[in-house]
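Take a look at the structure set out below.
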């Protein structure tokens, strides 16, 4: 099993460009999450999904959109990238809500906005 | 929202030493996880431990949910233990994890 796979692993964008980060999980998990990690800090939740076709805002949702068209995929979009969005992005999944089951994380996507 | 505090923020050890990392949280939790972020940035699941004690090799963890803290023990530390250790919790009624700011561990040869 691959677990949670994130693509791409690295990306450099110019301010104003758009892009989509892809997260795929092969564990048949219902819940999926997108986090960002800034230098010297823990992870902060951007958006999450409790099942196919659903999305919800996390702690820091502004400037991002998400979609969960298929159960195994969770996409994170930046419509107009800003330097403040330079960060490492992590995707995670769990079989149930975080209050009941552990989350499993991908290896991260390092994104730089120039 | 729930607050998570980890201590110490930084820890430097000589290889072979033992250490204890602490995680305090401000409300009741149904989920507590310990992660190791290695120097390559990968997050490694260490323990899922909302309560009780677990051991995995040289690592063990204890969560006392009623007193709102968890401890991670590292024995006979090795240079490969270096990295950042994160504690993350989910409130009883919530579906999201809240992370602490981590403990930066450096193990010198």
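When residue B:105 is tested against (1) out of contact with any strand residue (DSSP E or B) (no Cβ under 7 Å at 6 or more places or on another chain); (2) outside any helix (DSSP H, G or I), only condition (1) is not met. Please find, within the stretch B:28-41, the residue that is nearest to residue A:36 (Cα to Cα) out of those that are touching a residue at least 60 places away in the same chain (Cβ under 8 Å) and facing chain A (nearest Cβ under 9 Å). It comes out as B:37. One residue stands out among those in the stretch B:42-65 that are surrounded by fewer than 15 Cβ atoms within 10 Å (Cβ to Cβ) and assigned to a loop (DSSP other than H, G, I, E, B): the one that is nearest to the other protein chains (Cβ to nearest Cβ), which is B:51. Among the conditions (1) facing chain B (nearest Cβ under 10 Å); (2) in a loop (DSSP other than H, G, I, E, B); (3) in contact (Cβ under 8 Å) with a residue 12 or more places away in the chain, residue A:48 misses just one, which is (2). Residue count for the stretch B:19-41, restricted to those that are surrounded by 13 or more Cβ atoms within 10 Å (Cβ to Cβ) and not in a strand (DSSP E or B): 5. A residue that is within 20 Å of residue B:4 (Cβ to Cβ) and out of contact with any helix residue (DSSP H, G or I) (no Cβ under 9 Å at 6 or more places or on another chain) cannot be found anywhere in the stretch A:67-85. Give the number of residues within the stretch A:1-37 that are part of a loop (DSSP other than H, G, I, E, B), in contact with a strand residue (DSSP E or B) (Cβ under 7 Å, 6 or more places away or on another chain) and either more than 11 Å from every other protein chain (Cβ to nearest Cβ) or surrounded by 18 or more Cβ atoms within 10 Å (Cβ to Cβ) (or both). Qualifying residue count for the region: 5. Only a single criterion out of (1) within 12 Å of chain B (Cβ to nearest Cβ); (2) farther than 18 Å from residue A:44 by Cβ is not satisfied by residue A:91, namely (2).
With respect to the conditions (1) in contact with a strand residue (DSSP E or B) (Cβ under 8 Å, 6 or more places away or on another chain); (2) farther than 28 Å from residue B:83 by Cα; (3) at pLDDT 95 or above, residue A:62 lacks only one, and its number is (1). Being out of contact with any helix residue (DSSP H, G or I) (no Cβ under 8 Å at 6 or more places or on another chain) and within 8 Å of chain B (Cβ to nearest Cβ) is a property that holds for residue A:58. The set of residues in the stretch B:26-39 that are at pLDDT 95 or above and in contact with a helix residue (DSSP H, G or I) (Cβ under 9 Å, 6 or more places away or on another chain) contains only B:36.
The values are calculated or read from the model by the stated rules, or taken from the named source; none is laboratory data. Just so we're clear, the structure is a prediction, and the values are computed from it rather than from any experiment. Ideal geometry is used to build each Cβ from the backbone, glycine not excepted, and the neighbour counts take in all protein chains shown.
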